[in-house]
Amino acid sequence: MADPVAVNSMFGRIAHRYDLANRVLSGGIDIHWRSRLVAAVKRSRPRNVLDLATGSGDVAFALARALRPDVGVFGMDFCEPMLERAETKKARRPGRYSRVEFLFGDALNIPVEEASLDAVTIAFGLRNISNRARCLSEIRRILRPEGRLFVLEFSQPWRLLRPAYRLYLHRVVPPLAGLLTGNRQAYKYLGDTIAEFPGRAALSAELADAGFSGVEARSMTMGVVALHSALRQPHFS
């Protein structure tokens, strides 16, 4: 599991070029992945939604664009430089993004009232949480009964793609990201966590163990990414 102090420091160092690195390293397909997440959230018709590990706010902003004007949209992160980037982007588009509220908070101890949210999203952040079981328990706590969790995360690609994918993660991503962000080591860490993260079936089982039901996993881009959705069970023991 990730060291939260090291993760916080790492994201703080790359915050200034984080968005650029995402676009280049994914070939721009990260925009499509987030659009699939936002579409799924929209179908659930929430009255409010929290984007956990929001980073520079791209998912929160996409939710604000897609959801009704009366839907509350919040973004939370524990890395202050990333939140500063999000606030800067918000300030550039005050009319469109003014309703997005960014909060400082830890995914292991979310400063939100119990059963107060209709939806929680976490995009490419669960992989960096030091204790996934505790994080999922916290998410379940803050969701209303029948509320929904949406997890967009790297997964394990189709078997035939795995050798080339691992070569890309370990040989191409670190030096390229080093040029883009000035921090090659950060993207070596990210490549390692992507390679080690559970596949769709294993993550689905973790969600069920945490008290979620109706777990669905949709594969994207030959299995490189998966979108999991799950329903908070009214009762869990």
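The values are calculated or read from the model by the stated rules, or taken from the named source; none is laboratory data. Model, not experiment: these values are computed from the prediction. Ideal geometry is used to build each Cβ from the backbone, glycine not excepted, and the neighbour counts take in all protein chains shown.
Worth pointing out:
- Residue within the range 215-226 that is at pLDDT 95 or above and more than 16 Å from Ser155 (Cα to Cα) present: no
- Which numbered condition Ser204 fails, given (1) touching a residue at least 60 places away in the same chain (Cβ under 8 Å); (2) out of contact with any Gly (no Cβ under 6 Å at 6 or more places or on another chain); (3) among the small types (Gly, Ala, Ser): (1)
- Within the range 145-182, tally of residues that are surrounded by fewer than 18 Cβ atoms within 10 Å (Cβ to Cβ), touching a strand residue (DSSP E or B) at 6+ places or on another chain (Cβ under 9 Å) and among the aromatic types (Phe, Trp, Tyr): 1
- Filtered by the rule that a residue be farther than 20 Å from Glu206 by Cα and hydroxyl-bearing (Ser, Thr, Tyr), the range 140-173 gives Tyr165, Tyr168.
- Just one of the listed residues (Leu67, Leu108, Leu50) is more than 18 Å from Leu143 (Cα to Cα) and surrounded by 15 or more Cβ atoms within 10 Å (Cβ to Cβ), namely Leu67.
- Just so you know, in the range 120-138 the residues that are part of a helix (DSSP H, G or I) and within 9 Å of the chain's Cα centre (by Cα) include one that is farthest from Asp58 (Cα to Cα), and it is Arg127.
- Failed item in (1) loosely packed, with under 14 Cβ neighbours inside 10 Å; (2) outside any loop (DSSP other than H, G, I, E, B), with His235 passing the rest: (2)
- Checked against the criterion of being assigned to a helix (DSSP H, G or I), surrounded by 18 or more Cβ atoms within 10 Å (Cβ to Cβ) and modelled with pLDDT of 90 or more, the range 183-199 has no qualifying residue.
- Gly182 vs. criteria on the phi > 0 side of the Ramachandran plot and in contact with a Lys or Arg (Cβ under 7 Å, 6 or more places away or on another chain): no
- Of all residues in the range 200-232, those satisfying the criterion of being in a helix (DSSP H, G or I) and either over 29 Å from Pro145 (Cβ atoms) or in contact with a helix residue (DSSP H, G or I) (Cβ under 9 Å, 6 or more places away or on another chain) (or both) are Leu203, Glu206, Leu207, Asp209.
- Residues within the range 128-144 that are surrounded by fewer than 19 Cβ atoms within 10 Å (Cβ to Cβ) and among the basic types (Lys, Arg), tallied: 3
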